[in-house]
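Notes follow once the structure below has been shown.
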Amino acid sequence: MANVTVIGAQWGDEGKGKIVDWLSSRADAVVRFQGGHNAGHTLVVDGDVFKLSLLPSGIVTGTLSIIGNGVVLDPWALKAEIEKLSGQGVSITAENFAIADNCALILPLHRDLDGLRETAAGSGKIGTTGRGIGPAYEDKVGRRAIRVCDLAHLDALDPQLDRLCAHHDALRAGFDQPPVDREALLAELRDIAPYVLQYAQPVWKRLKKVRKAGAKILFEGAQGVLLDVDHGTYPFVTSSNTVSGTAASGSGLGPSATGFVLGIVKAYTTRVGSGPFPTELDDEIGQRLGEQGHEFGTVTGRKRRCGWFDAVIVRQSCAVSGVTGIALTKLDVLDGFETIRICTGYRLRGKILDYLPAHAADQAAVEPIYEEMDGWQETTAGARSWADLPAQAIKYISRVQELIETPVALVSTSPERDDTILVRDPFMD
Ligand code: GDP
Ligand code: IMO
Ligand code: MG
């Protein structure tokens, strides 16, 4: 197994960016395969902080970084992110960065629609990142998207714009909005086209070539399994499949390329946006987790909801995503707790469940069943070897892997790249 697929196994923000950055020095290519700039991946290298939303986290180590066809791409957000990272000394060139020419674009009209719907939904809103992700994916499967390759053929765009605008004008009218300004949209696309096209290519071909040469490919998932449009807490999800299988369809390599599936798992649970969260803590413990874990969103700055570790959802995520091993992150955030709780099952209207049911009302009604363990008073922050961990922390890790029925491959003990414990090398598996 030469390749590794990294996915989030909770509701996102598990620390995927840090782990992908750490692994990318061992990889020859890093590929984003779904989502868009709703992702916020934070990397810390010798105290320097890099925040990535659309670019693969491998770009910081200079590893060949690829945006696959499964991603929805906002060209203006791309340009802004490349300029920001270049300003931080990261080199991004047509040599080390490529975009699939069959990626669907996120346009300003998608962002508009995302915002209009959320505002109209009031307290029933999804709590999206407002980046136009959902509307862009809808247009993709509705066969009216403008794609990266269309940027090279803007003179022939009229029939596609007819279809796109007919759809959006009807929706906009329902929100008392003026029709799409076609000329302005076309002018914006003309302006940005050369910038995007310098990186555009059939990346499936490039990946085929590097794979044939024996390269190690690292697939970088965004969001998490509980936000997957099929397996997540629907409708409070994102609009893509976030499970490992998407790495194949979203990159143009077959399922055999997926390799070791590394599920990224936070040592407790967080969620940003609306939707069910069985182990959420509205008390001072939840507040303490948020403070010690600095739980504020990278993309929107929103405060993340916090709660105890939920072994039920992680076991389910590992199953539906075929996780080979996990990276347990933010263990250090649990330092100093007198006692720590783990959710091992749910109670739903008198019945005991060992899984999260599909219906939203049931998901909202399940009550967690907890087991309690003693915490540890020593610090794990910055630990780089198993021997650096207090016995009680090792006990916690062992109990987690037992309950989720999946082994631990890595443990992360701070935001810094090298504060990572390697238990089992995913690339060597
Ligand atoms: P991602 O979306 O999965 O890449 O995760 P985010 O970057 O949005 O959120 C994870 C946050 O936790 C970031 O600020 C990271 O720098 C930080 N982080 C990652 N691993 C650790 C860790 O082991 N300990 C601590 N304290 N912070 C971590
Ligand atoms: P990373 O990759 C956490 C959430 C939003 C909202 C829902 C739908 O950093 O883990 P969307 O804008 O995608 O239509 O919003 O999904 N969400 C995330 N939550 N981490 C993310 O990405 C997220 N991307 C989307 O908060 O609840
Ligand atoms: Mg994030």
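The values are calculated or read from the model by the stated rules, or taken from the named source; none is laboratory data. Everything numeric in this text was worked out from a predicted model, so none of it was measured. Glycine gets a Cβ as well: all are built from the backbone with ideal geometry, and neighbour counts include every protein chain shown. For the accessible areas, the whole protein counts, side chains as well, though only heavy atoms, and no ligand, DNA or RNA atoms are used. Shrake-Rupley method; radii C 1.70, N 1.55, O 1.52, S 1.80 Å.
Observations on the structure shown:
- Checked against (1) under 26 Å from V4 (Cβ atoms); (2) within 16 Å of ligand 1 (Cβ to nearest atom); (3) out of contact with any His (no Cβ under 8 Å at 6 or more places or on another chain), H294 passes all but a single condition, namely (1).
- Looking at T279, T270, just one residue is over 17 Å from the mean Cα position of the chain (by Cα), of a type in the set (S, T, Y) and buried (at least 21 other Cβ atoms within 10 Å of the Cβ), and that residue is T279.
- Looking only at segment 290-303, and only at residues there that are within 15 Å of ligand 2 (Cβ to nearest atom) and at pLDDT 95 or above, the one that is most open to solvent (accessible area, probe 1.4 Å): H294
- Checking each residue in segment 270-289 for being in a loop (DSSP other than H, G, I, E, B) and in contact with a strand residue (DSSP E or B) (Cβ under 6 Å, 6 or more places away or on another chain) picks out F277, P278, T279, L281.
- Pairs linking a residue in segment 72-91 that is closer than 19 Å to A152 by Cβ to a residue that is surrounded by fewer than 19 Cβ atoms within 10 Å (Cβ to Cβ), with Cβ atoms under 6 Å and 6 or more positions apart or on different chains, are P75/I192; K79/Y195.
- Picking from residues in segment 1-50 that are among the basic types (K, R) and touching a Lys or Arg at 6+ places or on another chain (Cβ under 8 Å), the one that is least open to solvent (accessible area, probe 1.4 Å) is K18.
- For segment 125-145, the set of residues classified as open to solvent by less than 50 Å² (accessible area, probe 1.4 Å) and part of a helix (DSSP H, G or I) consists of I133, G134, P135, A136, Y137, D139, listed by residue number.
- Matching entry among G254, G286, G293, G232 (being outside the structural domain of K140 (by TED's automatic domain parsing), within 16 Å of ligand 3 (Cβ to nearest atom) and over 20 Å from A360 (Cα atoms)): G293
- Some residue of segment 55-74 being within 13 Å of ligand 3 (Cβ to nearest atom), out of contact with any Ser or Thr (no Cβ under 8 Å at 6 or more places or on another chain) and either open to solvent by 10 Å² or more (accessible area, probe 1.4 Å) or not charged (D, E, K, R) (or both): no
- Taken over segment 283-302, the criterion of being farther than 20 Å from T344 by Cα and over 17 Å from the mean Cα position of the chain (by Cα) is satisfied by D283, E284, Q287, R288, G290, E291, Q292, G293, H294.
- All strands (runs of 3 or more DSSP E) inside segment 305-369 with 3 or more residues being open to solvent by 40 Å² or more (accessible area, probe 1.4 Å) and more than 16 Å from ligand 2 (Cβ to nearest atom): 339-348
- Boolean, L78 is open to solvent by less than 30 Å² (accessible area, probe 1.4 Å), part of a helix (DSSP H, G or I), in contact with a Pro (Cβ under 9 Å, 6 or more places away or on another chain) and at pLDDT 95 or above: no
- Failed criterion for L186 (all others in (1) open to solvent by 60 Å² or more (accessible area, probe 1.4 Å); (2) more than 16 Å from ligand 2 (Cβ to nearest atom) hold): (1)
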